Amino acid sequence: MEGMQISWGMLLRRPGRSRRAVDLTATAAFAVGGLLLVCSAYIHFHLWNETNGYRSIPTIGPLFLLQSIAGLVIGVGVVAVRRLWAALIGIGFALATMAGFLISVAHGLFGFKDSWVAPFAKEAFTIEVVAAVVLVIAAALCLIGSAPRVRSGSTPAGTAT
């Protein structure tokens, strides 16, 4: 990709601490996205912990517990860290959770076939879609808000005049 340079430094970008709209919106998006991941984690833990819940399903049960623990850790991390790399991990986690559910509904997964009418299926899926979208917005705002700003009449450092 000519003209587009991606560096490891980009992954460390975060919203600024100013009161600019882009920074405040990015911070809010990180908070909402992280909290949505925690909500998804809670739903998965609740479903795993029920008396006749997912805990009794081989392979799927431990994966539900793992999803709830990972969702909690990633969700809290997204809120606490507020960096581009945290948003990307949150997006990937939400998309992986959605993909696992869709595969389980369409084809089955580890010998188990799930359903859209399962308890909290639609709610969890909706939460994960919204979390991914909100975290994409957080990541984009993070990149936009942390881009170097040039004052009119000045030349950025390292550029020729």
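With Cβ to Cβ distances under 15 Å as the rule, what net charge do the other residues near F101 carry (K, R +1; D, E -1)?
Spelling it out: positives minus negatives among the neighbours equals -1.
Residue separation of A21 and E50 scaled by 0.36 nm, minus their Cα-Cα distance, works out to 6.1 nm of gained length. Test of understanding: extend the Cα→C-beta vector of A31 to 7 Å, then name every residue of the stretch 65-100 with backbone N under 18 Å from that spot. Only 75-84, 87 pass the distance filter. In plain terms, if you count all Cα to Cα distances in the stretch 20-145 and split them into 5 Å steps from zero, the share in each step is 2, 13, 22, 23, 16, 11, 8, 4, 2, 1, 0 percent.
Sequence-ordered 3J(HN,Hα) estimates for the stretch 129-136 from the Karplus curve with 6.51, -1.76 and 1.60 and θ = phi - 60° stand at 4, 5, 4, 4, 5, 5, 6, 5 Hz, glycine and proline given as x. Between K113 and L66, the contour length at 0.36 nm per residue exceeds the alpha carbon distance by 15.1 nm.
Karplus-based coupling profile of the stretch 21-36, in residue order and whole Hz: 4, 5, 6, 5, 5, 4, 4, 4, 5, 4, 5, 5, x, x, 5, 5, with θ = phi - 60° in 6.51 cos²θ - 1.76 cosθ + 1.60 and x standing for Gly or Pro.
The residues R20, R55, when put in order of fewest to most other Cβ atoms within 10 Å, stand as R20, R55.
All of the numbers you see were taken from the coordinates with simple rules; none came from a lab. Source: prediction; values computed, not measured. As a convention, Cβ positions derive from the backbone with ideal geometry for all residues, glycine included, and neighbour counts pool all protein chains shown.
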